[in-house]
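The values are calculated or read from the model by the stated rules, or taken from the named source; none is laboratory data. Keep in mind it's a predicted model, so treat the numbers as computed, not measured. Ideal geometry is used to build each Cβ from the backbone, glycine not excepted, and the neighbour counts take in all protein chains shown. Areas reflect the complete protein model, heavy atoms only, side chains present, ligands, DNA and RNA absent. Shrake-Rupley method; radii C 1.70, N 1.55, O 1.52, S 1.80 Å.
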Amino acid sequence: MHLPTPKDLKQRRIELGLTQNELAMRAGVSQPLIARIESGDVDPRLSTLRKIFDAFEISEKEQVKACDIMHSLVTFVSSSDSLDHAVEIMQEYGYSQLPVIDDGVPMGSISEDMLVRAMAENKPSRLSQMKVIDLMGESFPVISPTTDIWLVSQVLERYPAVLVVEKGQTIGFITKHDIIKLLHG
């Protein structure tokens, strides 16, 4: 088994963009202890090394950006599409909601819940003549491709999906399922 040298630990900390103080806070140890370990003045306990490695692992996961996990093929409908077309796409791909995008710009969203509510309030013949714009709700939140995965997770606590937009154009989407998949990565 190869244990890292003080130089290895320092290099790893720097690669992750952490200061000694940040690493100390994440590992639950003091900054002077991190400095002494990195300088070789102290041989850390195994439990201290475990705390440092755990902090490194958490920091590595935080390095994941939206562009690393987004789906780049965005399935969507436009606001001028018929509700029938939206239902066909949802059934074909097994989606419970879709973004509404016009010329690359997010305009809203449509979901199974919205369709079910509309069916309770309207005759099926009227629904088949309606357009997406007549029923759509608010758009999914928009993030940039470089948004940190931690922030994406925070947004997904309140919304079913986020759209990834770059230079005014929608280039991808992320769902809660994509975040959960990171646990097994």
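Can you find a residue that is closer than 30 Å to residue 13 by Cβ and touching a Phe, Trp or Tyr at 6+ places or on another chain (Cβ under 7 Å) anywhere in the stretch 66-78? Yes, that holds for at least one residue. What's the total number of residues in the stretch 25-49 that are within 28 Å of the chain's Cα centre (by Cα) and surrounded by 14 or more Cβ atoms within 10 Å (Cβ to Cβ)? Number of matching residues: 3.
Among what's in the stretch 79-102 and is in contact with an Asp or Glu (Cβ under 8 Å, 6 or more places away or on another chain) and farther than 13 Å from residue 115 by Cα, pick the residue that is surrounded by the most Cβ atoms within 10 Å (Cβ to Cβ). Step through it out loud before you land on a result.
At the first step, the residues of the stretch 79-102 found to be in contact with an Asp or Glu (Cβ under 8 Å, 6 or more places away or on another chain) are 79-80, 83, 90, 96-97.
Still in the list and also farther than 13 Å from residue 115 by Cα: 79-80.
Details: 79: 15, 80: 11.
Result: 79.
The sole residue among 58, 52 that is touching a residue at least 24 places away in the same chain (Cβ under 8 Å), open to solvent by 60 Å² or more (accessible area, probe 1.4 Å), in a helix (DSSP H, G or I) and aliphatic (A, V, I, L, M) is 58.
Starting from residues that are within 12 Å of the chain's Cα centre (by Cα) and within 14 Å of residue 100 (Cα to Cα), keep the ones in the stretch 161-174 and report whichever is most open to solvent (accessible area, probe 1.4 Å).
First pass over the stretch 161-174, keeping only residues within 12 Å of the chain's Cα centre (by Cα): 161-164, 172-174.
This time we only want the ones that are within 14 Å of residue 100 (Cα to Cα), so: 161-164, 172-173.
On the way: 161: 6, 162: 0, 163: 1, 164: 0, 172: 0, 173: 34 Å².
The selected residue is 173.
The set of residues in the stretch 9-24 being open to solvent by less than 60 Å² (accessible area, probe 1.4 Å) and at pLDDT 90 or above consists of 9, 13, 20, 23, 24. Regarding the stretch 27-43, can at least one residue be identified that is assigned to a helix (DSSP H, G or I), among the aliphatic types (A, V, I, L, M) and out of contact with any helix residue (DSSP H, G or I) (no Cβ under 8 Å at 6 or more places or on another chain)? Scanning the stretch 27-43, I find no residue that is assigned to a helix (DSSP H, G or I), among the aliphatic types (A, V, I, L, M) and out of contact with any helix residue (DSSP H, G or I) (no Cβ under 8 Å at 6 or more places or on another chain), so the answer is no.
Screening the stretch 61-70 for residues that are over 22 Å from residue 169 (Cα atoms) and assigned to a helix (DSSP H, G or I) and picking the one that is most open to solvent (accessible area, probe 1.4 Å) gives 61.
Yes or no: residue 73 open to solvent by 50 Å² or more (accessible area, probe 1.4 Å) and among the aliphatic types (A, V, I, L, M)? Give the steps one after another, and end with the answer.
Numbers: open to solvent by 50 Å² or more (accessible area, probe 1.4 Å): yes; among the aliphatic types (A, V, I, L, M): yes.
Considered against the rule, which asks whether it is open to solvent by 50 Å² or more (accessible area, probe 1.4 Å) and among the aliphatic types (A, V, I, L, M), residue 73 comes out as yes.
Taking residue 79 as the residue in question, decide whether it is modelled with pLDDT of 95 or more and more than 13 Å from residue 173 (Cβ to Cβ). So residue 79 fits the description; yes. Checking each residue in the stretch 123-150 for being surrounded by 14 or more Cβ atoms within 10 Å (Cβ to Cβ) and without any contact (Cβ under 8 Å) to a residue 24 or more places away in the chain picks out only 141. With respect to the conditions (1) over 20 Å from the mean Cα position of the chain (by Cα); (2) of a type in the set (Ser, Thr, Tyr); (3) within 30 Å of residue 58 (Cα to Cα), residue 125 lacks only one, and its number is (3).
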